[in-house]
1. It is to be established whether one or more residues within the range 56-74 are among the polar types (S, T, N, Q) and surrounded by fewer than 17 Cβ atoms within 10 Å (Cβ to Cβ).
2. Looking at (1) over 22 Å from LEU109 (Cα atoms); (2) surrounded by 16 or more Cβ atoms within 10 Å (Cβ to Cβ); (3) in contact (Cβ under 8 Å) with a residue 40 or more places away in the chain, find the lone condition where ALA38 falls short.
3. Go through (1) open to solvent by less than 80 Å² (accessible area, probe 1.4 Å); (2) touching a strand residue (DSSP E or B) at 6+ places or on another chain (Cβ under 7 Å); (3) not small (Gly, Ala, Ser) one by one and return the number of the condition ASP30 breaks.
4. Given the conditions (1) in contact (Cβ under 8 Å) with a residue 24 or more places away in the chain; (2) in contact with a strand residue (DSSP E or B) (Cβ under 7 Å, 6 or more places away or on another chain); (3) farther than 20 Å from ARG13 by Cα, and given that ASP111 satisfies all but one, which numbered condition is not satisfied?
5. If a residue must be more than 20 Å from ALA59 (Cα to Cα), open to solvent by 10 Å² or more (accessible area, probe 1.4 Å) and among the acidic types (Asp, Glu), how many such residues does the range 121-137 contain?
6. Yes or no: the range 80-89 includes at least one residue that is more than 23 Å from GLU10 (Cβ to Cβ) and either open to solvent by 50 Å² or more (accessible area, probe 1.4 Å) or outside any helix (DSSP H, G or I) (or both).
7. Answer yes or no as to whether ARG77 is in contact with a strand residue (DSSP E or B) (Cβ under 8 Å, 6 or more places away or on another chain), assigned to a loop (DSSP other than H, G, I, E, B) and surrounded by fewer than 23 Cβ atoms within 10 Å (Cβ to Cβ).
8. Can you report the number of residues in the range 178-199 which are open to solvent by 70 Å² or more (accessible area, probe 1.4 Å), modelled with pLDDT of 80 or more and assigned to a loop (DSSP other than H, G, I, E, B)?
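The values are calculated or read from the model by the stated rules, or taken from the named source; none is laboratory data. This one's a predicted model, so the numbers in the text were calculated from it and none came from an experiment. Cβ coordinates were reconstructed from backbone atoms using ideal geometry, including for glycine residues, and neighbour counts include every protein chain displayed. These accessible areas exclude ligands, DNA and RNA; they are computed on the full protein's heavy atoms, side chains included. Shrake-Rupley method; radii C 1.70, N 1.55, O 1.52, S 1.80 Å.
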Amino acid sequence: MTVTGADFVELDRIAVQEAVRVVDLVTAADWARETPCAGWTLRRLVAHMTAQHVGFAAAARGAGRDPEHWRESEDLREPAEAHRSAAATALTAFAEPGVAEREFTLPNLGDVPGSRAVGFHFVDYVVHAWDVAAALGTTVEFPEHVLGAALDVARAVPADPGRRGPGFSFAPALEVPEGSGPLAEALRLLGRGPERWPARG
């Protein structure tokens, strides 16, 4: 994945803050809702999001090889609070000087340049913010430049079927109808079918 000229640290901050906002909308009655992540309830999705924040923060500080940092908690009694705390941890780590020049160690990818790693985290949280909003029947609120950057990253993610599907970050890419907006196109390129859910981009 190569997207030049993007300030992924700032873009990621916006995406993560929006993800926190929509997760904070979840009520106790919502955690069992289905999500666009096949087979995952909202509780499982937010547990994954929380673990990824912690893992990326660890990777930013040179500890990404330790699988403990990436492990999902089996006891999230307050999922939104845990997610909010983990998001703050990731944003703090990414805000440290020189993070884009560091090398992150990521599961299944090995050593990745910091700017690329933060770009992965960024597009993941644009998508996951939408996942949560879609499950709740609401919408995400992203500035146009954020959606444009997310689309650029989505277009750069390899579409090789051997790297998509179960066990990988994204499902196989879907066909993009003519006239799709940037969020809808990015979602479809990353395997989401936005027309199936109440919240559309």
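1. Yes, the range 56-74 contains a residue that is among the polar types (S, T, N, Q) and surrounded by fewer than 17 Cβ atoms within 10 Å (Cβ to Cβ).
2. (2)
3. It fails just one condition, (2).
4. (1)
5. The number of residues fulfilling the criteria is 0.
6. Going through the range 80-89, the residues more than 23 Å from GLU10 (Cβ to Cβ) turn out to be 80-82.
Still in the running and either open to solvent by 50 Å² or more (accessible area, probe 1.4 Å) or outside any helix (DSSP H, G or I) (or both): 81.
Looking for residues that are more than 23 Å from GLU10 (Cβ to Cβ) and either open to solvent by 50 Å² or more (accessible area, probe 1.4 Å) or outside any helix (DSSP H, G or I) (or both), one finds at least one in the range 80-89, hence yes.
7. no
8. Of the residues in that region, 2 qualify.
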